[in-house]
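Asks: Before I ask anything, here is the structure I am working with.
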Amino acid sequence: MIELERLLRSQGFGSRADCRALVRSGSVCVSGRLCEDPFARFAAEGLTFAVDGVPWRYRRFAYLALHKPAGYECSQRPRHHPGVYSLLPSPLLTRGVQAVGRLDEDTTGLLLLTDDGQFIHRYTSPKKAVPKVYEVTTRHVVDGLQIAALLAGVVLHDDPRPVAALDCVLRAPRCLRLTVTEGRYHLVKRMLAAAGNRVEALHRISIGGFALPAALEEGQWMWLEEAELALLAAEKASAF
Ligand code: URA
């Protein structure tokens, strides 16, 4: 059991004093009932509550998927464009949600965010080799030699370690579906450059077995529940 002000604090609603004031002002309902006692105790697991009419559920850790639009930076201190963090509600930022790896400012698609440090490590560690699938639109028509080079391994400019795609499927003359397991800086753009082509547009479709849901529009985010977390941990996305 946990006091309401502590529970709200853990979910990103500010300091204990802020949360106490929030409860006393009549802004908080718990399981559908107004609660004005900041010291009322509740079992946290699965608890639903509302703050100023916005529904929430207690979560020990926050796991999110964002459909990143172009024109947003993944940095905590964006310099030239708005940051992806501006697309999230403030309690998620207060509780310290961070992007799991980064996408370039002009890349769109699936971006995971969480406040679980172990999860970030698991999904960004080179040792874990989590597959990530990108839809790559190229400037030039892709030929068989380029596909063979991407699958065999290419050497990037400024980096002697060769890198190979796990899979590479031609979808259209200028469109590839490329699976990589590393997360090096500008990896896909540099791989395509090394293969003699150029990336015009890049969209991440999936991570592990979790594909960006078609219903999640650009700029929108969703909670990842047990089912999605299990898919993420799977080897391959079941459907695109
Ligand atoms: N590779 C890139 O070049 N850019 C991204 O945003 C992601 C992978």
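The values are calculated or read from the model by the stated rules, or taken from the named source; none is laboratory data. Predicted model, so just to flag it, every value in this text is computed and none were measured. Cβ sites come from the backbone with ideal geometry, for glycine too, and all protein chains shown count toward neighbours. These accessible areas exclude ligands, DNA and RNA; they are computed on the full protein's heavy atoms, side chains included. Shrake-Rupley method; radii C 1.70, N 1.55, O 1.52, S 1.80 Å.
Asks: Can you tell me how much longer the chain between residue 102 and residue 157 gets when fully stretched, taken as 0.36 nm per residue apart minus their C-alpha distance, in nm with one decimal?
Replies: Length difference between fully extended and current span is 17.8 nm.
Asks: Something else now. Using a 1.4 Å probe on the protein heavy atoms, what percent of the accessible area of the range 131-207 belongs to carbon and sulfur?
Replies: Exposed carbon and sulfur together represent 56 percent of the surface.
Asks: What percentage of the solvent-accessible surface of the range 1-110, computed with a 1.4 Å probe over protein heavy atoms, is contributed by carbon and sulfur atoms?
Replies: Result for the range 1-110: 48 percent of the exposed heavy-atom area is carbon or sulfur.
Asks: Counting only C-alpha contacts under 8 Å and six or more residues apart, can you give the relative contact order of the chain as a whole percent?
Replies: 18
Asks: Sticking with this one: In nm, to one decimal, how far is the modelled label at residue 215 from the one at residue 17, with both set 7 Å along Cα→Cβ?
Replies: Placing both labels 7 Å along Cα→Cβ, they lie 4.3 nm apart.
Asks: Sticking with this one: Using only Cα atoms, locate the centre of the range 82-131 and the centre of the range 1-74, then give the distance between them in Å, rounded to an integer.
Replies: 21
Asks: Would you calculate a helix-derived [θ] at 222 nm for the chain, using -39,500 (n - 2.57) for each DSSP H run of n ≥ 4 and dividing by the full residue count, to the nearest 500?
Replies: That calculation yields -6000 deg cm²/dmol at 222 nm.
Asks: Right, another one. Among 14, 29, 145, which residue has its Cα positioned farthest towards the positive end of the charge dipole of the chain, with +1 placed on the Cβ of Lys and Arg, -1 on the Cβ of Asp and Glu, and the dipole taken about the Cα centre?
Replies: 145
Asks: Can you tell me what share of the DSSP beta bridges in the chain is antiparallel? A percent to the nearest 5 is fine.
Replies: 95
Asks: Can I ask one more? Express in nm, to one decimal, how much length is gained between residue 182 and residue 170 on full extension, taking 0.36 nm for each residue of separation and deducting their alpha carbon distance.
Replies: Once the chain is fully extended between residue 182 and residue 170, it gains 2.3 nm.
Asks: Can you pull out the trypsin sites (Lys or Arg not before Pro) in the range 40-88 whose DSSP state is coil and whose Cβ has at most 12 other Cβ atoms within 10 Å?
Replies: For trypsin sites (Lys or Arg not before Pro) across the range 40-88 that sit outside H, G, I, E and B with at most 12 neighbouring Cβ atoms in 10 Å, the list reads 60, 79.
Asks: At 1.4 Å probe radius, can you tell me the per residue accessible area of the chain in Å²?
Replies: Heavy-atom accessible area per residue stands at 52 Å².
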